[in-house]
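Take a look at the structure below.
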Amino acid sequence: MFQKSDLSEATPAPSPWHEGELELQRRAGVAEQMDRVGRKFVRHFLLDQHREFFPLISFIAIGTVDHQGVPWAAIRCGEPGFLHSPDPQTLEINAIRDPGDPAEEGMDDGDPVGLLGVDLITRRRNRMNGRIVRSGNDRFSVAVDDSYGNCPRYIQNRHFRFVRDPAEMSSSASLVSDRLDDRARQIITAADTFFVASYTDREGEGRQVDVSHRGGRQGFVRIDADGGLTIPDFNGNLFFNTLGNFLVNPRAGLLFIDHETGDTLQIAGRTEVILDSPETAAFEGAERLWRVIPEQVVLRPDALPLRWTFADDGMSPSIMMTGTWQEAEARLQAAAKAKIWRRFRIEQIVAESATIRSLHLAPVDGEALIPYLAGQHLPIRIADGGEFIRRSYTLSSAPSDGYYRLGVKREGRASSLLHAMREGDEIEALAPAGAFTIDAMERSRPAVLLAAGIGITPLLSMLRHVVREGDRTRHRRPVWLFRSSRTLEERAFDAEIAELVERGQGSVQDVRVLSGSASADVERYDAAGRIDMELLKAHLPFGDYNFYLCGPASFMQAIYDGLRRLNIADGRIHAEAFGPSGLKREAEPGPRAAPAVPAATEPVRVIFAQSGKEARWKPDGGTLLELAELRGLTPPFGCRAGNCGDCRTKILKGQVSYQSNPAYAVTDDEALICCSVPAAGGDLHVNL
């Protein structure tokens, strides 16, 4: 029904990208897409619109390579018109040589260079590389090798003015060092912009030099204890020119500018690309990191005749969706306390429907929230008289929202206590957990979110995350949301979902279903009855999807079974479940998994090592969690079905057995005590 055949096309050769760029594109899952983009948008001439653009700007960034193979980034500037393109293969630059600039050594006749023209007001930028044609010291031209436009994100709006004739050189002497002094550190710490030069030597094509722009919130370049610089890499055009060059040739030239004084700071050094790090996850908007170890540092006071002033509301909207190193450090410190109960204050209570209310939580200690993934749940405990009640509730907020939000339906002891609370009351929580999550950047398949009742909460978190990431990256993963409620009065989050549909710019479809009696208000729902295969067939275009289910066990089982009958692979169906009635999955055809460890058929002595207690488990005695509770212990748990991982416990001796494979993955020396029993073979010791 929904699936389509996986047709492959022969890929033309050669690739427009070199191996470093290809490696990063493959890791990002966009290699095939970028192959097509590269062939279409990387040109060997200047488009007319680019030829018209360059004469409008007052400066151009240049990347060069000196005689020792060291890359440098520099600026050449002049009154608008100092750049001119007499034909599509040429850009003329009316700028004299600058003997104090280390980049000048790589600007002789025939030298390869990279160029980047930027208009700081329109945020337009165009990129090219080529080779210098020089007949004198007062001007030069560049013969085009490659030319293409760049996205406008991360560029701050600034107005410019000249304080002297662009042809007049600064009289201040350059300060040369192999490390950062106090003035250099001051410029870097204050920077929200810099330029970076890199290059590769491609067999059969010669040297290709690139220069690029980087932007972030002030201080986004961190100076480390070893004097190195660490920079977050945000989502961009996915060409990976700069970082791809680093993978092949780990050398960079950086240029920082003090916009108020015209001072320039040029740094040349060795680079490292960091593709996976806890710091990446902690830094909002970062997709990877890279480092530069300075080897040559050139500080040039008053080097530029230009001065810039920040425009009103000049902050790039894309930069506003990124973090800071201070925030990242606070998140890492909070994550170190993942297994510690923290107190949270209920900052806001919102009635979402007749049966559901949202609780907005803020940490009482004022420290950062532990980062989480869209769809995860929050283990909490609530004081009730002289005891604590422990439960897990899915977060309905998105990871970027800056707060935890729980959507709670009144239907049990714990939820009744939460519904009775007022703003200012406190609860306790561990770190968010759970494997029911979504990849907002998935490009191969749209997402279908299927929710019944309170099952909307993790799917709302997912939808908020997908839409927000679409705003940040400009890649909008298509989403279909099917949500059912018994009545209109019980349906929650209508206004919020409508706003997300609008923000999604056509990428989000919302199908509202009433499972109870049909309402006379026909404009407020799209179908009556239940979410089933016929409803999906009626709304989903022919294609291939990933499905995400959350709701009562009977709802999820019916949807799962229906999808499997339509030959939807088990691995494409993701489900969240709390309670002992977990989803029963149908195994895919293929090699059989190794047999499960058999459960003990005789009584087993169980030692709870941390508490010093001992118990005797019998074959009809229930799970290890139930055994622990009988001995007066109160271990954490959320789902009692092996889905959430809250009850994960270290095994010190022996083995455990599961009646069915839990959804939450654990190592061999761990047990999910909510759904496991002692295995045959002797005593069991666990760290409780």
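Quick look at the numbers
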read-out: Cβ pairs under 7 Å, 6+ apart, first in the range 446-459 and closer than 16 Å to Glu490 by Cβ, second crowded, with 24+ Cβ neighbours inside 10 Å and among the charged types (D, E, K, R); value: Ala451/Arg483; Ile456/Arg483
read-out: Hey, Asp182 closer than 17 Å to Thr242 by Cα and surrounded by fewer than 20 Cβ atoms within 10 Å (Cβ to Cβ) or not; value: no
read-out: Given (1) open to solvent by 40 Å² or more (accessible area, probe 1.4 Å); (2) in contact with a helix residue (DSSP H, G or I) (Cβ under 9 Å, 6 or more places away or on another chain); (3) over 30 Å from His213 (Cα atoms), index of the condition Pro371 fails; value: (3)
read-out: Filtered residues of the range 235-284 (kept if farther than 30 Å from Ser174 by Cβ, touching a residue at least 40 places away in the same chain (Cβ under 8 Å) and either open to solvent by less than 20 Å² (accessible area, probe 1.4 Å) or assigned to a loop (DSSP other than H, G, I, E, B) (or both)); value: Asn235, Gly236, Asn237, Leu238, Phe239, Phe240, Gly244, Leu275, Thr280, Ala282, Phe283, Glu284
read-out: In the range 673-685, the residues that are aliphatic (A, V, I, L, M), over 7 Å from Leu624 (Cβ atoms) and touching a helix residue (DSSP H, G or I) at 6+ places or on another chain (Cβ under 9 Å); value: Leu684
read-out: Filter pass, Gly204 being on the phi > 0 side of the Ramachandran plot, open to solvent by 10 Å² or more (accessible area, probe 1.4 Å), without any contact (Cβ under 8 Å) to a residue 24 or more places away in the chain and among the small types (Gly, Ala, Ser); value: yes
read-out: First in the range 599-614 and within 20 Å of Cys675 (Cβ to Cβ) and open to solvent by less than 60 Å² (accessible area, probe 1.4 Å), second anywhere and in a strand (DSSP E or B) and of a type in the set (Ser, Thr, Tyr), Cβ under 7 Å, 6 or more apart; value: Ala599/Ser657
read-out: Yes/no for Ile293 being in a strand (DSSP E or B), within 25 Å of Arg183 (Cα to Cα) and open to solvent by 20 Å² or more (accessible area, probe 1.4 Å); value: yes
read-out: Residue pairs meeting the criteria (Cβ under 6 Å; at least 6 apart or on separate chains; first over 13 Å from Glu367 (Cα atoms) and among the charged types (D, E, K, R), in the range 337-354; second open to solvent by less than 40 Å² (accessible area, probe 1.4 Å) and outside any loop (DSSP other than H, G, I, E, B)); value: Glu347/His360; Glu347/Ala362; Glu352/Ser358
read-out: Failed item, numbered, when Asp313 is tested on (1) within 29 Å of Gly424 (Cβ to Cβ); (2) touching a residue at least 24 places away in the same chain (Cβ under 8 Å); (3) loosely packed, with under 15 Cβ neighbours inside 10 Å; value: (1)
read-out: Residues of the range 664-688 satisfying the condition of being among the aliphatic types (A, V, I, L, M) and open to solvent by 70 Å² or more (accessible area, probe 1.4 Å); value: Ala665
read-out: Among residues of the range 552-578, those that are touching a Pro at 6+ places or on another chain (Cβ under 7 Å) and loosely packed, with under 15 Cβ neighbours inside 10 Å, counted; value: 0
read-out: Subset of the range 379-398 (residues that are open to solvent by less than 30 Å² (accessible area, probe 1.4 Å) and either acidic (Asp, Glu) or in contact (Cβ under 8 Å) with a residue 60 or more places away in the chain (or both)); value: Pro379, Ser392, Thr394, Leu395, Ser396, Ser397, Ala398
read-out: Single condition Ala593 does not satisfy, out of (1) modelled with pLDDT under 90; (2) open to solvent by less than 80 Å² (accessible area, probe 1.4 Å); value: (2)
read-out: Test: residue in the range 399-411 that is hydrophobic (A, V, I, L, M, F, W, C), open to solvent by 20 Å² or more (accessible area, probe 1.4 Å) and touching a residue at least 12 places away in the same chain (Cβ under 8 Å); value: no
read-out: Search result, residues across the range 626-663 that are surrounded by fewer than 16 Cβ atoms within 10 Å (Cβ to Cβ), among the small types (Gly, Ala, Ser) and under 20 Å from Glu387 (Cα atoms); value: Gly632
read-out: Test: residue in the range 544-551 that is farther than 28 Å from Ala569 by Cβ and open to solvent by less than 30 Å² (accessible area, probe 1.4 Å); value: no
read-out: Only listed residue being farther than 28 Å from Leu238 by Cα, of a type in the set (A, V, I, L, M) and open to solvent by 50 Å² or more (accessible area, probe 1.4 Å), chosen from Ala414, Ala420, Ala433; value: Ala420
read-out: Those strands (runs of 3 or more DSSP E) lying entirely in the range 104-178 with at least 2 residues open to solvent by 60 Å² or more (accessible area, probe 1.4 Å) and of a type outside the set (Lys, Arg); value: 158-162, 175-177
read-out: Positions within the range 502-518 being under 22 Å from Gly551 (Cα atoms) and open to solvent by 20 Å² or more (accessible area, probe 1.4 Å), in sequence order; value: Gln509, Asp510, Arg512, Ser515, Gly516, Ser517, Ala518
read-out: Any hit, the range 480-490, residues being of a type in the set (Gly, Ala, Ser) and touching a Lys or Arg at 6+ places or on another chain (Cβ under 6 Å); value: yes
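The values are calculated or read from the model by the stated rules, or taken from the named source; none is laboratory data. Note that this is a predicted model, so its numbers are computed, not measured. As a convention, Cβ positions derive from the backbone with ideal geometry for all residues, glycine included, and neighbour counts pool all protein chains shown. For the accessible areas, the whole protein counts, side chains as well, though only heavy atoms, and no ligand, DNA or RNA atoms are used. Shrake-Rupley method; radii C 1.70, N 1.55, O 1.52, S 1.80 Å.
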